[in-house]
Amino acid sequence: MKLKNIIIATVLIIPLSYGGVYAYNSSSSVKEVPISGKYIGFDSLHEMEEESNIIVVGKKISTKENIVKLDSTNAYTDAYSLANFEIIKVIKNKTDKVFDKKDNLTVMEYAATDTDSFGKKRYFHLEDYTPMKDGKHYTLYLRESKTDPGVYLIRGAVFGKVPLDTVEEIEDEKVKAIAKQAKEKYKNEITIE
């Protein structure tokens with residue numbers, strides 16, 4: 001009889017303990033996980049424009065999907081998200097695809113969120129990268145992914161995303177200078193709806 005009670009108690013306590021840990025972790029703060037990575041920077045706006053197949057003005061609609069890849073030891077190997085981005089204006093298009101106003105692009109962002117098996121929320125991001133905000137406007141300098149057709153990559157990671165109606169802290173002086181040049185160059189072409 002005692003063995004039966006011990007087994008029943010164990011069967012009840014383990015899931016309840018896990019549930020308590022999960023509930024506590026899911027309500028606690030998000031763990032930030034900066035990702036070190038290399039990306040190609042640019043020395044000038046002209047260079048970034050030349051290296052971009054597509055330049056568009058638009059707004060982020062939403063995050064379609066967060067992707068966090070883990071290896072067999074549960075260490076992350078890759079983390080990014082796919083954003084739904086609505087085009088307002090096409091500034092440059094050197095692809096074989098036609099893009100019009102109100103078309104949506106899938107844009108890879110260098111940040112993602114997930115929840116681990118214990119309910120702890122994690123925010124992965126490339127160092128210096130700030131994700132686009134839903135409903136906010138940006139000029140994006142892009143190229144299509146070679147491995148995922150239909151997914152567009154922001155050139156130079158932090159360089160090729162120029163916020164138009166938000167203020168982002170940009171620490172890198174080169175990135176800040178190029179963003180300022182881009183805003184100035186296209187200010188008469190950009191009308192935010």
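Take the conditions farther than 23 Å from HIS137 by Cα and hydroxyl-bearing (Ser, Thr, Tyr) and apply them to TYR80. Does it pass? When the stated conditions are applied, TYR80 does not pass them.
Each row is one residue, and each column tells you yes or no for (1) loosely packed, with under 13 Cβ neighbours inside 10 Å; (2) more than 21 Å from the chain's Cα centre (by Cα); (3) modelled with pLDDT under 85; (4) among the aromatic types (Phe, Trp, Tyr).
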| position | (1), (2), (3), (4) |
| --- | --- |
| ILE35 | no, no, yes, no |
| PHE42 | no, no, no, yes |
| LEU82 | no, no, no, no |
| ILE88 | no, no, no, no |
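Please find, among VAL90, VAL158, VAL167, the residue that is without any contact (Cβ under 8 Å) to a residue 12 or more places away in the chain, farther than 25 Å from ASP71 by Cα and among the aliphatic types (A, V, I, L, M).
Numbers: VAL90 fails: without any contact (Cβ under 8 Å) to a residue 12 or more places away in the chain; VAL158 fails: without any contact (Cβ under 8 Å) to a residue 12 or more places away in the chain.
It is VAL167.
Taking the criterion of being modelled with pLDDT of 90 or more, more than 14 Å from TYR129 (Cβ to Cβ) and either loosely packed, with under 11 Cβ neighbours inside 10 Å or of a type in the set (A, V, I, L, M, F, W, C) (or both), the residues of region 157-181 that qualify are ALA177, ILE178.
Within region 136-154, the set of residues being in contact with a Pro (Cβ under 8 Å, 6 or more places away or on another chain) and either in a loop (DSSP other than H, G, I, E, B) or under 18 Å from ASN66 (Cα atoms) (or both) comprises just one member, LYS136.
The values are calculated or read from the model by the stated rules, or taken from the named source; none is laboratory data. Everything numeric here is computed off the predicted structure, so don't read it as measured data. All Cβ positions, glycine included, derive from the backbone under ideal geometry; neighbour counts span all protein chains shown.
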